[in-house]
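To start, the structure under review is shown below, and the notes come after it.
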Amino acid sequence: QYGYTLPGWNKHNLTYRLMNYTPDMARADVDEAIQDALEVWSKVTPLTFTKISKGIADIMIAFRTRVHGRCPRYFDGPLGVLGHAFPPGLGLGGDTHFDEDENWTKNAEGFNLFLVAAHEFGHSLGLSHSNDQTALMFPNYISLDPSKYPLSQDDISGIQSIYG
Ligand SMILES: O=C1CC=C(NS(=O)(=O)c2ccc(-c3ccccc3)cc2)CC1=O
Ligand SMILES: [Ca+2]
Ligand SMILES: [Zn+2]
């Protein structure tokens, strides 16, 4: 439906692009949260992430609400779903959207953008949800202390089974 999906990317050097910014945070804080969330995964895989500011990136990132563009999934207003990401592939593959109706923060108030982004990028790289409640890929938002290393052994073995 959104281009064929792959179990994982068939290349290691991926590009990403921020299509817009949330007004909830300073731009530099959004850039940093996204970069840190990607680094969580690049630290345990051979993947690299390069930020581009125009053209089509593998991972297109945007803050959107409700029905948005040609995206087949919709957001639901404040709370509920915080974001969604598409598995590796062409077109929408890898793309990550955050629900702009949430209060995005760089600390423990509202929803911590770094944490939600790290979770969503797990999907962009091919991971599904984990039933290990300490895992970053656990389906429910847990306000982890963002300074702690959010990956659990379950996340690491999951991502390394794709990009080992
Ligand atoms: O595919 C889906 C569908 C629904 C989702 N629900 S969410 O957006 O409210 C969400 C839930 C948990 C997290 C999360 C889990 C563990 C650590 C950090 C964030 C992030 C987003 C998240 C998601 O990735
Ligand atoms: Ca929502
Ligand atoms: Zn979307």
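The values are calculated or read from the model by the stated rules, or taken from the named source; none is laboratory data. The shown structure was predicted, so the numbers you read here are calculated from the model rather than taken from an experiment. With ideal geometry, Cβ positions are generated from the backbone for all residues, glycine too; neighbour counts draw on all protein chains shown. Surface areas here come from the heavy atoms of the whole protein model, side chains and all, with no ligands, DNA or RNA. Shrake-Rupley method; radii C 1.70, N 1.55, O 1.52, S 1.80 Å.
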Original post:
Kirkwood hydrodynamic radius (Cα pairs, Å) of segment 41-101?
Top reply: 12.8
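Would you kindly calculate the mean projected area, averaged across all directions, of the convex hull enclosing the Cα atoms of segment 104-164, in square nanometres?
Values: hull surface 15.7 nm².
If you wrap the Cα atoms of segment 104-164 in a convex hull and average its projections, you get 3.9 nm².
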Original post:
In deg cm²/dmol, rounded to 500, what helix-only [θ] at 222 nm does the chain give when every DSSP H run of at least 4 residues adds -39500 (n - 2.57) and the total is split over its residues?
Top reply: -7500 deg cm²/dmol
Subject >> Extended-chain gain in nm, criterion 0.36 nm per residue less alpha-carbon gap, Asn103 and Ala26 >> reply: 26.4 nm
Subject >> Distance-filtered residues of segment 112-127 - backbone nitrogen under 16 Å, label point 7 angstrom along Asp76 Cα→Cβ >> reply: none
**OP:** Mind checking the per residue accessible area of segment 1-85 for me, 1.4 Å probe, whole number of Å²?
**Re:** 56
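For segment 1-129, what is the relative contact order in percent, using Cα pairs closer than 8 Å and at least 6 residues apart in sequence? Show your work: numbers first, answer last.
On the way: 244 pairs, mean separation 41.3, N = 129.
The normalised contact order for segment 1-129 reaches 32 percent.
What FRET efficiency do you get for Arg66 and Ile162 if R0 is 35 Å and r is their Cβ-Cβ distance, rounded to the nearest 0.05?
Numbers: r = 32 Å, r/R0 = 0.92.
So the FRET efficiency works out to roughly 0.60.
Give, in nm to one decimal, the length gained when the segment between Ser53 and Ser128 is fully stretched (0.36 nm per residue of separation minus the Cα-Cα distance).
On the way: separation 75, 0.36 × 75 = 27.00 nm, distance 2.84 nm.
Computed gain between Ser53 and Ser128 is 24.2 nm.
Where the accessible area of segment 1-91 is counted over protein heavy atoms with a 1.4 Å probe, how much of it, in %, is carbon and sulfur? Each step should come with its number before you reach the end.
Values: 2610 of 5020 Å².
Carbon with sulfur: 52 percent of the solvent-accessible area.
What dipole magnitude, in Debye to the nearest 20, does segment 42-164 give about its Cα centre under +1 on Lys/Arg Cβ and -1 on Asp/Glu Cβ? Intermediate results must be reported in sequence, preceding the final value.
Numbers: 9 positive and 13 negative charges, 86 e Å.
In total the dipole reaches around 420 debye.
Number of Lys-Lys pairs in the chain under 19 Å by Cα, sequence gap 8 or more or different chains? Write out the running numbers ahead of the final one.
Numbers: Lys11/Lys43; Lys11/Lys51; Lys43/Lys51; Lys43/Lys148; Lys106/Lys148.
For the chain, qualifying lysine pairs total 5.
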Subject >> Cα-based Kirkwood hydrodynamic radius, the chain, one decimal, Å >> reply: 15.8
